Amino acid sequence: MIIQPRTRGFICLTAHPDGALQAVKNQIEYVKSKGKIKNGPKKVLVIGASTGFGLSSRIAAAFGSDAATIGVFFEKPASEGKMGTAGWYNSAAFEKEAHAAGLCAKSINGDAFSDDIKKQTIDLIKKDLGQVDLVVYSLASPRRTHPKTGVAYASVLKPIGQPFTNKTVDFHTGVVSDITINPVENDEDIANTIAVMGGEDWKFWIEDLKAAGVLAEGVKTVAYSYIGPELTFPIYRNGTIGQAKNDLEATVPVLNELLKDLHGVSYVSVNKALVTQSSSAIPVVPLYISLLYKVMKAKGTHEGTIEQMQRLFADRLYTENGDVALDSEGRIRIDDWEMAEDVQAEVAKYWDKVTTETLAEISDIDGYRKEFFNLFGFELEGVDYEKDTDENVKVPSIE
Ligand code: NAI
Ligand code: NA
């Protein structure tokens, strides 16, 4: 079929398999251009491996360090004339390229929060890899069914305490307007968000993997967090999602204790704000990102998910002398270039000036839009979108 982008709000309902393949190839080429990661990971489990930071982690491990990878994700293949999801096509593309390069790559599609998917993953590790030496935890989800109690939690993106009013952009139309987001009405919204995006599931994974004996001596595990500028604090770091990130970060010492006898270590890496399916759903943040991109591109310090993950592996997690640089709170910071004083000062200056009229000139809204469509395999150079394409692409390792 001929596949065109079809959007509803910040969601794209369609995805293009050839475009996804091109996007994955572009990421692979970038990683190869940086050379091999010395002392890098060899057997890697990526939880949330199909899009965003998780996909880029998988590509950086495989093509930067010749790692065998198992990817876990929650995506849909095509069925009855409906196309598959972007993450499905990304994973099909990844496996195809990995296998062609002689790398072991297997995938599991299902709910990573469930005990069943954890067990399936453990069985697959036992069968194919024996043990893993790196576990990347990169889930982003609006809901989680608790595996022990069956309770279904939904996360919310709200401020805490008082309403938050700031500018936001509709990146399809370029209209900048004020938005007011009311605070949570009760603590339950906070607890629910922590239940979905906090550290409990990461802990469950590490506990189960350890109990099954599939974590190698010296194993590392990493999960991703965000801080960002003060102007997004009320909706992000001091909001409900920020409470979940605090909980995720507080899980690090718990996992370190758990991994002690294996001489294993856990980390949270604070990453840069980037266009992904998850971040486009947060109010205010896309406008910030479009100003940030403009400033960082002008300075030559802009990075996408693959540049971030390649740098995380090569310059933080797997350094030549084994040292891992941490901030005063014990976190890895690869948001360092985003948070640089000169960058933030310029973004703040543009933030005051940005309106519907000035948007095109002072922000990189075109870059934002293009990256958004790229996430779904659209608007990539070298792809013939007029050509009939097969939407029934399979992820080779999934029956
Ligand atoms: P994303 O939406 O691109 O990726 C989410 C991944 O989780 C996908 O592979 C999806 O299939 C998987 N997933 C979701 N629910 C699942 C389930 N129930 N079972 C199995 N897999 C499931 O998100 P993104 O942006 O890459 O986020 C990953 C992490 O990075 C999150 O913790 C996020 O908070 C963090 N982060 C994101 C930043 C951004 O600007 N996008 C900045 C800093 C951190
Ligand atoms: Na991800």
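Each reported figure results from applying straightforward, stated rules to the coordinates on display, with no laboratory input. This structure is a prediction, so every number in the text was calculated from the model and none was measured. Cβ atoms come from the backbone with ideal geometry, glycine included; neighbour counts cover every protein chain shown.
The mean sequence separation of alpha-carbon pairs under 8 Å and at least six residues apart, normalised by the residue count of region 37-112, gives a relative contact order of 32 percent. Highest mean first, the peptides 55-66, 132-143, 206-217 sorted by other C-beta atoms within 10 Å per residue fall in the order 55-66, 132-143, 206-217.
Peptides 149-157, 375-383 ranked from most to least packed by the mean count of surrounding Cβ atoms within 10 Å: 375-383, 149-157.
Neighbour counting of Cβ atoms within 10 Å sorts the residues 338, 185, 399, fewest neighbours leading, into 399, 185, 338. The trypsin sites (Lys or Arg not before Pro) of region 352-399 that meet both conditions, a loop assignment by DSSP and at most 11 other Cβ atoms within 10 Å of the site Cβ, are 387.
Counted over the chain, the DSSP beta bridges are approximately 30% antiparallel.
Close amide H partners of residue 157, meaning residues 5 or more places away or on another chain with modelled amide H under 5 Å apart, do not exist here.
Checking every one of the GluC sites (Glu not before Pro) in region 1-90 against DSSP loop status and a limit of 13 other Cβ atoms within 10 Å picks out 80. Whole-Hz Karplus values for region 302-308 come out as 5, 9, x, 4, 6, 5, 5 Hz, taken residue by residue from phi with 6.51 cos²θ - 1.76 cosθ + 1.60 and θ = phi - 60°; glycine and proline positions read x.
DSSP assigns beta bridges within region 56-173; of those with both partners inside it, close to 45 percent run antiparallel. In whole angstrom, note down how far apart the Cα centers of region 317-383 and region 71-101 are. Between the Cα centres of region 317-383 and region 71-101 lies a distance of 27 Å. Under the rule a/c < 1.5 gives rounded, and otherwise a/b versus b/c splits prolate from oblate, where does the chain land using the Cα gyration tensor? Note, shape of the chain comes out rounded.
Based on Cα contacts under 8 Å between residues 6+ apart, region 243-399 shows a relative contact order of 27 percent.
Toward the positive end of the charge dipole of region 270-322, with +1 on the Cβ of Lys and Arg and -1 on the Cβ of Asp and Glu, the farthest Cα among 309, 298, 273 is that of 298. For residue 7, what charge total do you get from the other residues with a beta carbon under 12 Å from its beta carbon, if Lys and Arg give +1 and Asp and Glu give -1? My count for the surroundings of residue 7 gives +2. With contacts taken as Cα pairs under 8 Å and at least 6 residues apart, region 1-73 reaches a relative contact order of 27 percent.
When peptides 282-293, 171-182, 326-337 are sorted by average Cβ neighbour count within 10 Å, with the highest value leading, the order is 282-293, 326-337, 171-182. Put the Cα centre of region 107-129 next to the Cα centre of region 237-261 and the gap is 23 Å. DSSP assigns beta bridges within region 88-236; of those with both partners inside it, close to 65 percent run antiparallel. Determine the alpha carbon to alpha carbon distance for each of 106/272; 294/370; 43/260; 245/349; 294/349; 32/210 and list only those over 22 Å. Over 22 Å Cα-Cα: 106/272; 245/349; 32/210. Note on the chain: helix-only mean residue ellipticity at 222 nm, from DSSP H runs of 4+ residues weighted -39500 (n - 2.57) and normalised by residue number, equals -12000 deg cm²/dmol.
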